[in-house]
Each structure stands twice: as structure tokens, then as C-alpha cells.
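The values are calculated or read from the model by the stated rules, or taken from the named source; none is laboratory data. None of these values were measured; they are calculated from a predicted model. Note: ideal-geometry Cβ built from the backbone for every residue, glycine included; neighbour counts use all protein chains shown.
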């Protein structure tokens, strides 16, 4: 969908009104030029000067009114369109299935919400001026056609040649713009690695040199070169077009075209007047094309939404367990060429604590994303009680879960009503009293250590009061003293409230806390009861044996 078509679909009346008032402004401007030409032909005679002055004043006032009102309405149209596109983009990202979001990539999304939205906003802001200039040019051509079909034909011929040359040169410029846009993703990736890897880079000069010299610098320089080619090509197209207007004027003045002198004078004045609007159209059109390209890229986010998810929440579930029936998941399109988990046949009982253990890369985190409904099974089914989790009810299912992942994001907003006494009790229990307060449903400060921020995340989860808690290596960043509080105080308290806990952990010292232990190994699942497995798992971690653990 083109940018103009999008605006027309969203605001049809405003677009039509802007077009109408722009056309009226264009025609009144050319009528004013016509009056000027007529007055020049009888200049000094004085006959009828008062009437012409009144008419000229009226036409200029009409032009001013139409032009000003047109631009005001067009600015409103552009502003409404820009803000809606921003909100629509945020809504699209919110509705994207999580696996599709991962497939697009953080750098591509950042480029969309920063550069593409910025270019699009600039294009929309300049669209009113573009429409106004087009209207003035159209009005000028109509005026030329009225005074002389011969001169009109010459002007149209020059315009056609100019358009063909402009289109040829600008196509090259567009290809370079697209290449520059693609390279921007590489630049953002490199900049993110410099920012996010600041600690590691400062400890490794060799790594710093690689990131700068081999990653960032080539991408920045390549993007710079493509930008130079694109902008120079656009500038060349603009100058060629402007020169052709002078060529047309030269043909009119110095050729043997059989046209009256008055008509030649009127045509040249009209063409000189039209040079400003023509230059405006030519210079703004590349910006409009860039905005259209950005709009298409933003719209293309829809194409990765291979399955649309319902975002409605309201379905309630009667359940006693979460059951995985022959569930498999793999990244990408080909299971044989990417990491896969499953098939998983497993049940997690309501109100029980399940520990997920296993080595790095064993599939624990992938399983947790399946469990919370972020990844849909490629095969098999997930059931909550007797209800199959599908795209239609997955939002209601997710709404039952609080999850804290290893790469969690901590919001200042709690998203739930907060009882002040309960908040004070939790801050005290989590040893954060005096460091953070909860004011108006927000944490007063989140600039803390990773371990303390994880405590805030768990406080937010407890306040949200969901039925299911999923935590990925939550205790890994806690000091030994608070780790003991977590396993021996917080988990039993949540259990006593009937919460279902699924905890990814390597802390074998506390495996006795679990009602059940599930072990992952190369994407496969091994299960057993905590009372029987606790000692054996601890021994296994030392001996590497797993004979005492039965396969699911």
C-alpha cells in the first residue's frame, strides 16, 4: 500500500479537502499571474486600473486563504497520519508472535522504530508542500494551454524529457538508498555490541580493535559511500530537471516559433514563476519516495506474522496440571539443521514446585518459552487441564503466568494495584527497604545491581498474584545469604499460597525444596521425584552418571 493510499484510506475526507484547496490555491496563483501579464500589456494607460487592482487584491487574498488553509489541513493530516503509524507500529510489535519477533531481530526493529519512522514523519510533514506545489504546476500548465497550445506543447515536451531523465537517474539513487538502509542494520549491531559489551571490550584491547576495525568501521564506511552515491544522484537529477526548464525558456525565446510577443512574454513569466514549485516537486519527491519505502518496510512487519494471535483475555480454565503431549520445537524452518527440543511428554502439577535442571544448551530455556506460551509447539499439544492451548486462547493462558527470564526486562510500572502494607512487607523480605520505594504503582528506582533488579522483578510478580511462576536461573545473581532466603523462605511461602512454581536452577544444594526434578539433556527430558532423585542428581553431578533417573 502506498503512502498516499494509506492516508486516503485512513482520512478520505481530509485528503480530498487538502487536494481541493491545494488545486484552488494553484489556480488562483496562476490567475494572479494572468492578471499581472494583462496589466503589463496595458501598463501606463491607466484605463480600468482601479477595477484590476481590486480583482488582483481579491485573487491574491483568495490564493493566500486557500494556500494557508490547505497547508494547515495538510499539516494536520500528516501529523495524524504520522502519529497513527507510530501507534500502529507499536501495536504490531506487541501483537507479533514472540518467535517472529526474534526472527526479525532487534537491530531491524530498532531501525524501523527509529530511522524508518523518522524518514516517514519527515515525508508526511513535507507532503502538504508537495501537494501544493503539484497543484500550482498543474494550474500553470492549464494557464499555458489557454494562452498558447504551441508553448504548452513545448513545455509538456520538456517536462516529459525531464521526467524520463529524472526517473532514470533517481532509480539508481533509490537502489543506493536501499543498500544504505540495509547496511544500517549492520551499523546498529556493531554499535549495540560496543554499548552492551562495554565491560568486555575494556578488558580486551584485541576484541576492541576487532569490533571497531573489522565490524563497525567497514559498515559505517560502506553506508557512507552508498549515501554519497544516492545523494549525488538525487542532486544530479534535480539539477538536470532545473536546467531543462531554462532550455524550454530558451527555445521559446530564441527559436522561430510563430507566437505573438505578448504570449511569449506571458509564457516566460509563467515559467519563471513555475520554477519554484517545479523545483519543490523535484526536490521533495525523493523524500516522499524514501518515506514510501520506509512505510513499506514498516508495513512488511505484517508479513512475518505467520499466525495471528488473539490478544483478548477472558477465558478461564479449570485445571489441575499443565500437560505436554509429544511436544517438539525447533528453530528455523528445518528441524534437522537447527537446535530442537522434544518430543516432550511431561505434566506439571498445579500447586507444586518443579525444578528444571541440565547443562548449558540442553534445552531448558527453550522449554520455558514453550511453557509460558511464547513459542508454539511445532508438533504435539500443550494442555491446561483438558483445554488445548491454541492461538485463540494463548493470551488468556499467558495472563496466568509471571515469568522472570535470565535476560529479563524490569519495568518501573508494576501493572497491578499495590497494597501499601504488602509492598512494605515485600521490600523488607527482599532486603530492599531503604533502597527502593513503591510510589503510585511504580518502583522509585531500578538502577540497582542485577541481583537486586531480579528481586524487584519477583516482587512485581508476587504483587501481580498470578497462578504460575516461571523463573530462569533467578538465584544465579543472588548472594549466598539471600539465596537461602529464596529457597527456604520465599518458595515455601509461594507454595503455601497454592502457586505453581517452575524454576530453572543449578543449585543442587537446594534440590530438596522441589516436589519434582526434570532434567534436560540435548533437548530430551528425564524426570523423577525429588525425594528419590535429590541425592542421586547430586551424585550424578560429580560422577556424570544418570542411571538412577528414568526416561519419560
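A compact table of results
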| read-out | value |
| --- | --- |
| Residues that are in a loop (DSSP other than H, G, I, E, B) and under 26 Å from residue 356 (Cβ atoms), drawn from the range 394-414 | 399, 400, 405, 406, 407, 408, 409, 410, 411 |
| Filter result for the condition that a residue is touching a residue at least 24 places away in the same chain (Cβ under 8 Å), part of a loop (DSSP other than H, G, I, E, B), within 26 Å of the chain's Cα centre (by Cα) and assigned by TED's automatic domain parsing to the domain that holds residue 466, over 391, 431 | 391 |
| Pair list, Cβ < 8 Å and 6+ apart or interchain, from the range 460-483 residues that are free of Cβ contacts under 8 Å to residues at least 40 places away in the same chain to residues that are surrounded by fewer than 21 Cβ atoms within 10 Å (Cβ to Cβ) and in a loop (DSSP other than H, G, I, E, B) | 475/507; 477/449; 483/507 |
| Number of the condition not met by residue 498 [criteria: (1) surrounded by 14 or more Cβ atoms within 10 Å (Cβ to Cβ); (2) out of contact with any strand residue (DSSP E or B) (no Cβ under 6 Å at 6 or more places or on another chain); (3) closer than 30 Å to residue 346 by Cβ] | (1) |
| Residue within the range 422-430 that is surrounded by 15 or more Cβ atoms within 10 Å (Cβ to Cβ) and at pLDDT below 85 present | yes |
| Flag for residue 259 being over 30 Å from residue 388 (Cα atoms) and either modelled with pLDDT of 75 or more or not in a loop (DSSP other than H, G, I, E, B) (or both) | no |
| Test: residue in the range 92-106 that is at pLDDT 75 or above, in a helix (DSSP H, G or I), within 14 Å of the chain's Cα centre (by Cα) and under 17 Å from residue 294 (Cβ atoms) | no |
| Of the criteria (1) at pLDDT below 75; (2) over 21 Å from residue 33 (Cβ atoms); (3) crowded, with 20+ Cβ neighbours inside 10 Å, which one residue 132 fails | (2) |
| Residue among 269, 252 that is in a helix (DSSP H, G or I) and surrounded by fewer than 16 Cβ atoms within 10 Å (Cβ to Cβ) | 269 |
| When residues of the range 438-452 are limited to those that are in contact with a helix residue (DSSP H, G or I) (Cβ under 8 Å, 6 or more places away or on another chain) and not in a helix (DSSP H, G or I), the one surrounded by the fewest Cβ atoms within 10 Å (Cβ to Cβ) | 449 |
| Search result, residues across the range 316-343 that are at pLDDT below 80, surrounded by 15 or more Cβ atoms within 10 Å (Cβ to Cβ) and closer than 17 Å to residue 365 by Cα | 330, 331, 340, 341, 342 |
| Where residue 353 falls short, out of the listed (1) modelled with pLDDT of 75 or more; (2) assigned by TED's automatic domain parsing to the domain that holds residue 129 | (2) |
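For (1) in a helix (DSSP H, G or I); (2) surrounded by fewer than 21 Cβ atoms within 10 Å (Cβ to Cβ); (3) in contact with a strand residue (DSSP E or B) (Cβ under 9 Å, 6 or more places away or on another chain), each residue gets a yes or a no:
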{"residue": "417", "(1), (2), (3)": "no, yes, no"}
{"residue": "454", "(1), (2), (3)": "yes, no, yes"}
{"residue": "471", "(1), (2), (3)": "no, no, yes"}
{"residue": "482", "(1), (2), (3)": "yes, yes, no"}
{"residue": "485", "(1), (2), (3)": "yes, yes, no"}
